[in-house]
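J.: Submitted below is the structure of interest, expressed as structure tokens.
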Amino acid sequence: MTASAAAKIKRQAAPAESADRPALLLDWYDRHRRRLPWRPLAGERADPYRVWLSEIMLQQTGVKTVGPYFEKFVARWPDVAALGRASVDDVLRMWAGLGYYSRARNLHACAVAVLRDHGGIFPDTEGGLRQLPGIGPYTAKAIAAIAFDIRTMPVDGNIERVVSRLYAVEEPLPQAKPRIQELAATLLGPARAGDSAQALMDIGSSICTPKKPACALCPLNEDCAARLLGDQETFPRKAPKKSGDLRRGAAFIVTRGDELLVRTRPEKGLLGGMTEVPGSEWLAGQDDKEALKQAPALTAISRWHRKTGVVTHVFTHFPLELVVYAATVPARTRPPDGMRWVPIATLADEALPNVMRKAIAHGLDI
DNA sequence: GAAACGTGGAC
DNA sequence: TGTCCAAGTTT
């Protein structure tokens, strides 16, 4: 067999090997990368603090949502030392509305640990990063690659989708995670690991989208297995997820002049450490009358006024329906144990999750 | 390994 | 309108 014949057979047998995917990826990134608040200009060194902060905020949260929060945080706390000296309550207040509030606690705990145990300098290894609160396997790899140019491939939801399509991975998620991690790592070149990962993320978010991917624009389209099958949208395979049962409860809006009665939720669990108005438990199959029995014990209240309609909210694992009861009490009425009065005018500064903002708006007719 | 953990946007 | 998805971690 001649050399050219052998080469032809090889091309046909293994087209994936004919393209230098890592180089294609980096070329594409240099021309099309998104400009984002936490990304340095091309060629500039990444700031580990900004990389870390953005990675924590971006966990299960969209780029567009994170933008304003990221700007607020870096304006108030320009480096990890400043954040480490802040109070958890201040951090929680700034985080309010972003969701997944344990991230905010872990963010603060991480800043404190970096300050106390590492002299205010982030560890520059994957293993060192992994030890810090709020930094799991993905985030450790992401910071290592993006901030420290360590040759490792973080795999997020975007990269999972891109890689599962590129190789037409039939195994469903989450079982396929180890396999996808391996395949993703083959897209790493000899250098610029962070840019390789961010190239895949950008492609995943703007080209290799969940619905109707724009394959014509993809630098890896020539030997994408899913595209060759004409089956792009069906990857990644995943088992259907079950939604939780509807839970019901009551929220109690008690006003004393221009002040509102609130309390702080326990540190652990749903909306941990956040501010709320007093309320009943949230249970499946609970009715209004049952929920009203759990109203705060205030003898000054002569009657509850049930507001028309309900407040609905959807959490990750269950939908919620809240009925709202309102009442007013005289000036100088003492708050029940564990509760406090806050001026309605300063509610914007409270660590109020969105479900509570909805309930308060409904109860106050705002 | 599965379940808990927020919220908003897109279709 | 309901469903899916978004730079996952913790228990």
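The values are calculated or read from the model by the stated rules, or taken from the named source; none is laboratory data. What you see is a predicted model; the values in this text were computed from it and never measured. Neighbour counts are summed over all protein chains in view; Cβ atoms, including those assigned to glycine, are modelled from backbone coordinates with ideal geometry. Please note that ligands, DNA and RNA were not included when accessible areas were found on the heavy atoms of the full protein model with its side chains. Shrake-Rupley method; radii C 1.70, N 1.55, O 1.52, S 1.80 Å.
J.: How fast does the range A:185-240 diffuse by Stokes-Einstein, in µm²/s, taking the Kirkwood radius from C-alpha pairs at 20 °C and 1.002 mPa s?
T.: Translational diffusion coefficient: 173 µm²/s.
J.: Please say if the range A:34-90 is rounded, prolate or oblate, where rounded means a/c under 1.5 for a ≥ b ≥ c the square roots of the C-alpha gyration tensor eigenvalues, and otherwise the choice is prolate for a/b larger than b/c and oblate otherwise?
T.: It comes out oblate by the Cα gyration axes.
J.: Related question: Averaged per residue, what accessible surface does chain A expose to a 1.4 Å probe, in Å²?
T.: I get 52 Å² per residue for chain A.
J.: Quick one: 3J(HN,Hα) in Hz for the range A:320-332, Karplus 6.51/-1.76/1.60 with θ = phi - 60°, rounded, Gly and Pro as x.
T.: These are the phi-based 3J(HN,Hα) values: 10, 10, 10, 8, 10, 10, 10, 7, 10, 10, x, 4, 6 Hz.
J.: So, one more: Quick one: what are the phi-derived ³J(HN,Hα) couplings along the range A:161-166, Karplus 6.51/-1.76/1.60 with θ = phi - 60°, whole Hz, x for glycine and proline?
T.: 3J(HN,Hα) across the range A:161-166, in whole Hz: 5, 4, 5, 5, 7, 3.
J.: In nm, to one decimal, how far is the modelled label at A:L217 from the one at A:T346, with both set 7 Å along Cα→Cβ?
T.: According to this spin-label approximation, the distance is 4.7 nm.
J.: So for the range A:247-363, what percent of the C-alpha to C-alpha distances run longer than 22 Å?
T.: 28 percent
J.: Divide, for chain A, the radius of gyration over alpha carbons by 2.2 N^0.38 Å, where N is the residue count.
T.: Cα Rg divided by the expected 2.2 N^0.38 Å: 1.24.
J.: I've got another one for you. Given contacts defined as C-alpha pairs under 8 Å and at least six residues apart, what's the relative contact order of chain A, whole-number percent?
T.: Taking the mean separation of contacting Cα pairs over the length of chain A, I get 15 percent.
J.: Quick one: what are the phi-derived ³J(HN,Hα) couplings along the range A:211-226, Karplus 6.51/-1.76/1.60 with θ = phi - 60°, whole Hz, x for glycine and proline?
T.: Coupling constants for the range A:211-226: 10, 6, x, 8, 4, 4, 8, 7, x, 10, 5, 4, 10, 7, 4, 5 Hz.
J.: Amide H of A:L260: which non-local residues (sequence gap of 5 or more, or other chain) have their own amide H closer than 5 Å, using H built in the peptide plane?
T.: Close amide H contacts, sequence-distant or interchain: A:V342, A:I344.
J.: Roughly what would the spin-label model give for A:R332 and A:A297, points 7 Å off Cα along C-beta, in nm?
T.: With each label placed 7 Å out from Cα toward Cβ, I get 2.4 nm.
J.: Express in nm, to one decimal, how much length is gained between A:W304 and A:E182 on full extension, taking 0.36 nm for each residue of separation and deducting their alpha carbon distance.
T.: On the way: separation 122, 0.36 × 122 = 43.92 nm, distance 6.01 nm.
Fully extending the segment from A:W304 to A:E182 adds 37.9 nm.
J.: Taking a ≥ b ≥ c as the square roots of the eigenvalues of the Cα gyration tensor of the range A:80-134, is the shape rounded (a/c under 1.5), prolate (a/b larger than b/c) or oblate?
T.: On the way: a/c = 3.04, a/b = 1.57, b/c = 1.94.
Since a/c reaches 1.5 but b/c is at least a/b, the shape of the range A:80-134 is classed as oblate.
J.: Here's another thing I want to ask about it. Quick one: Kirkwood hydrodynamic radius for the range A:248-312, alpha-carbon pairs, angstrom, one decimal? All intermediate terms of the calculation are to be shown ahead of the outcome.
T.: Values: mean 1/r = 0.0759 Å⁻¹.
So the Kirkwood estimate lands at 13.2 Å.
J.: Oh, and also: At 0.36 nm per residue, and after removing the present C-alpha to C-alpha distance, how many nm does the segment from A:L246 to A:L364 gain when stretched out fully?
T.: 40.0 nm
J.: With the Cα gyration tensor of the range A:20-234 in hand, give its eigenvalues times 5 under a square root as the equivalent ellipsoid semi-axes, listed largest first in whole angstrom.
T.: Value: 32, 17, 16 Å, ordered largest first.
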